[in-house]
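The values are calculated or read from the model by the stated rules, or taken from the named source; none is laboratory data. Remember, predicted model here, so these are calculated numbers, not experimental data. Cβ: placed from backbone, ideal geometry, glycine included. Neighbour counts: every protein chain shown. Side chains included, ligands, DNA and RNA excluded: accessible areas come from the protein's heavy atoms. Shrake-Rupley method; radii C 1.70, N 1.55, O 1.52, S 1.80 Å.
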Amino acid sequence: MYYDKNSSNISYNQEKVNIVDLRSDTLTKPTQKMREALSNAEVGDDVFCEDSTVKVLQETTAKMVGMEDALFVCSGTMGNLIAIMNHCNVRGSEAYCGDSAHILLHEQTGAAQIAGVNLRPLRNNIDGTFDLCELQSKLRHDRDHEPISKLVLVENTINGKIVPQSWLKELISFCKKYNLKLHMDGARLWNASVGSGIPAKEIVSGFDSVTFCLSKGLGAPIGSLLCGTKQFITNARRIRKVLGGGMRQVGVLAAAGLVALEHIPNLVNDHKRAYAFASAINEIRSSVFSVDLNVVQTNMVFINVDSNIVNASKFANCLREIDGSEDDQVIVKCLALSDSFVRFVFSLEITDDDLMLATKKVTNVIRKLDSKLCL
């Protein structure tokens with residue numbers, strides 16, 4: 001083997017071996033146009049609100065989502081935490097989210113750790129929604145003995161799935177009825193918009209705030225936007241400062257973000273490649289490896305692995321191995337999320353050629369690991 005699965009070191013002839021990295025859409029590098037924008041950006045001290053490029057980015061993105069104002073932040077995690085601290089402005093507050101939400105699982109529960117806000121999970125349905133009856137049953141009433149119900153959090157997309165717009169409208173009505181604030185973690189909001197054909201401002205209409213990332217499928221090196229009312233953003237700027245997010249001549253990064261916004265229409269290509277990849281896997285008709293095509297709605301593909309036969313980690317490791325033959329000159333990187341779940345993510349640097357190479361590699365490995373296909 002040329003690849004040691006117990007090490008991050010790979011020994012191979014780099015001139016011959018192709019690496020297709022499908023671990024995440026955060027792995028993109030700045031385009032040449034972004035690098036030129038970085039170099040030529042007009043800058044100022046953003047803590048004094050004097051960076052003209054940041055101002056343009058914030059004004060542009062606020063309009064794109066139909067909100068009054070926006071704030072450039074280091075990451076989606078920071079943007080979400082600021083939103084939680086902003087909306088839950090009373091000690092002892094409680095917020096509600098799906099049990100598969102990034103805010104709950106992958107942001108160190110900063111809501112509790114830093115903001116003192118209790119996150120109460122709701123069971124996510126397969127389409128990313130949660131039961132509003134369950135939400136209603138978990139709302140607090142006794143203000144002397146219980147936390148104070150303040151905020152509902154929704155992720156869209158969630159694991160590549162577009163949350164149904166009809167359900168979002170029901171949720172908005174619910175939150176108005178119970179006087180709850182509503183925030184969308186829209187890290188991949190533009191994938192949801194392109195994939196559904198619904199403008200972003202319509203998706204978030206009725207929400208009090210939204211975050212979205214520039215550094216995922218849009219290809220910028222860093223940064224997210226937090227959007228809301230002018231007063232909300234005024235408060236958010238103050239909170240950003242105490243979290244260490246006050247930034248100086250950050251227009252160099254904002255300039256790359258403005259270029260990244262031009263890439264939004266091209267997200268459709270990532271979606272098409274993801275669906276083609278998933279379809280090719282199912283065409284093998286393996287009883288061990290399969291994809292639910294109904295949930296391949298944007299740029300993510302999740303392969304279900306029968307862990308009674310093959311462990312997902314073994315499958316992922318096999319994709320990183322090459323035998324040195326002319327027919328095996330491809331390494332595919334992916335993420336094994338559990339014993340039975342492997343994720344592949346498509347983004348702007350993955351070409352049609354990469355799709356072809358990855359598809360061939362993955363299907364060949366599946367044929368080797370599924371004994372029934374070897375017969």
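Per-residue answers, yes or no, for (1) of a type in the set (Phe, Trp, Tyr); (2) surrounded by 17 or more Cβ atoms within 10 Å (Cβ to Cβ):
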site: Phe289; (1), (2): yes, yes
site: Asp292; (1), (2): no, no
site: Thr298; (1), (2): no, yes
site: Val305; (1), (2): no, yes
site: Asp323; (1), (2): no, no
site: Lys333; (1), (2): no, no
site: Phe346; (1), (2): yes, yes
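Consider Thr363 carefully, then state whether it is within 30 Å of Lys33 (Cβ to Cβ) and out of contact with any Phe, Trp or Tyr (no Cβ under 6 Å at 6 or more places or on another chain). No, not satisfied. Taking strands (runs of 3 or more DSSP E) as the structural unit, those lying wholly within region 50-164 and holding at least 2 residues that are open to solvent by 40 Å² or more (accessible area, probe 1.4 Å) and modelled with pLDDT of 95 or more correspond to 118-122.
Residues of region 353-360 include at least one that is surrounded by fewer than 19 Cβ atoms within 10 Å (Cβ to Cβ), charged (D, E, K, R) and within 25 Å of the chain's Cα centre (by Cα). For region 21-34, the criterion of being open to solvent by less than 50 Å² (accessible area, probe 1.4 Å), closer than 15 Å to Ile222 by Cβ, modelled with pLDDT of 95 or more and part of a helix (DSSP H, G or I) is satisfied by at least one residue. Scanning region 40-49 for residues that are open to solvent by less than 90 Å² (accessible area, probe 1.4 Å) and either of a type outside the set (Val, Ile, Thr) or assigned to a helix (DSSP H, G or I) (or both) gives Ala41, Gly44, Asp45, Asp46, Val47, Cys49.
Filtering region 176-197 to residues that are part of a helix (DSSP H, G or I) and among the charged types (D, E, K, R) leaves Lys176, Lys177.
When Leu168, Leu214 are checked against the criterion of being within 16 Å of the chain's Cα centre (by Cα), at pLDDT 95 or above and open to solvent by less than 10 Å² (accessible area, probe 1.4 Å), Leu214 stands alone in meeting it.
Within region 1-20, the set of residues being of a type in the set (A, V, I, L, M) and either at pLDDT 90 or above or open to solvent by less than 40 Å² (accessible area, probe 1.4 Å) (or both) comprises Val17, Ile19, Val20. Among the residues of region 283-302, those identified as among the hydrophobic types (A, V, I, L, M, F, W, C) and free of Cβ contacts under 8 Å to residues at least 60 places away in the same chain are Val291, Leu293. Note on region 292-312: among residues that are part of a loop (DSSP other than H, G, I, E, B) and under 20 Å from Asn191 (Cα atoms), the one that is farthest from the chain's Cα centre (by Cα) is Asp292.
In region 222-239, is there at least one residue being in contact (Cβ under 8 Å) with a residue 40 or more places away in the chain, open to solvent by 10 Å² or more (accessible area, probe 1.4 Å) and either within 18 Å of the chain's Cα centre (by Cα) or within 27 Å of Val345 (Cα to Cα) (or both)? Yes, because at least one residue in region 222-239 is in contact (Cβ under 8 Å) with a residue 40 or more places away in the chain, open to solvent by 10 Å² or more (accessible area, probe 1.4 Å) and either within 18 Å of the chain's Cα centre (by Cα) or within 27 Å of Val345 (Cα to Cα) (or both).
Of the candidates Phe289, Phe277, the single residue that is touching a Ser or Thr at 6+ places or on another chain (Cβ under 7 Å) and over 26 Å from Leu38 (Cβ atoms) is Phe277.
Counting only residues that are within 23 Å of Thr31 (Cβ to Cβ) and not in a loop (DSSP other than H, G, I, E, B), region 313-352 holds 4 of them.
Could you please let me know if Asp328 is modelled with pLDDT under 95, open to solvent by less than 40 Å² (accessible area, probe 1.4 Å) and of a type outside the set (A, V, I, L, M, F, W, C)? Answer is yes for this residue.
Would you mind stating whether Leu253 is open to solvent by 10 Å² or more (accessible area, probe 1.4 Å) and touching a Pro at 6+ places or on another chain (Cβ under 8 Å)? For Leu253, the condition - open to solvent by 10 Å² or more (accessible area, probe 1.4 Å) and touching a Pro at 6+ places or on another chain (Cβ under 8 Å) - is met.
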